[in-house]
Structures are given as C-alpha cells and as structure tokens.
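The values are calculated or read from the model by the stated rules, or taken from the named source; none is laboratory data. What you see is a predicted model; the values in this text were computed from it and never measured. As a convention, Cβ positions derive from the backbone with ideal geometry for all residues, glycine included, and neighbour counts pool all protein chains shown.
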Amino acid sequence: GLVRFCFECEKFPCRRLKSLDKRYRTKYHMSMIENLEFIKEHGMERFREEEAAKWRCPECGEQICCHNGLCLNCSLDKLRQNRKYRWDEE
C-alpha cells in the first residue's frame, strides 16, 4: 500500500535513512529517525507545533534555520555576507 512516512515501511529504518540520519546528526544536530518516531507516536500536528517552538528565535520570534542555526530575520545580513548563502549571485 501507500507509504506516507518511512516508519510505515517494513524496512524502517533502512540503510539509506540511517545514512541520512547520521549526516544530519553530525551536521545539524537533529535526527530524521527520532523525528519520524516522534511523529509515529504523537502525530504530525504535535511534531509541527514542537518544531516551530524549537526553531523559533528567542530575540524576534521568527524562524531559525535548522541547517545553520541562524535566524532568518535577525541574521539576514550575516547570511547575505556569507558567500555560501548568496543564492542570487549564481
């Protein structure tokens, strides 16, 4: 049948997901597998609520990027100065 989430698959967690999870744990301090297990246990709505609170800037209340830990509002100038984040120059 239709699989909407990896945890619905009999191979969960598969080799590819474990590899992705390891990379995200190392680079971004987050776990895809833990997130999926949380969704399975508590549902998507609660996951979204908790993630929104977790990634909210304490200074301005806007969203913090999970990939670099910078606020997309407060740190906009820093993001623009860093060549890695200058998408408009491509």
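When restricted to residues that are modelled with pLDDT of 85 or more, charged (D, E, K, R) and either over 23 Å from Ser31 (Cα atoms) or in contact with a Ser or Thr (Cβ under 7 Å, 6 or more places away or on another chain) (or both), region 54-90 contains 1. Considering only residues of region 1-51 that are of a type in the set (Ser, Thr, Tyr) and out of contact with any Ser or Thr (no Cβ under 7 Å at 6 or more places or on another chain), which is nearest to Gly61 (Cα to Cα)? Selected residue: Tyr28. The listed residues are Glu41, Glu8, Glu59, Glu37, and the only one of them that is charged (D, E, K, R), on the phi < 0 side of the Ramachandran plot and under 15 Å from the mean Cα position of the chain (by Cα) turns out to be Glu37.
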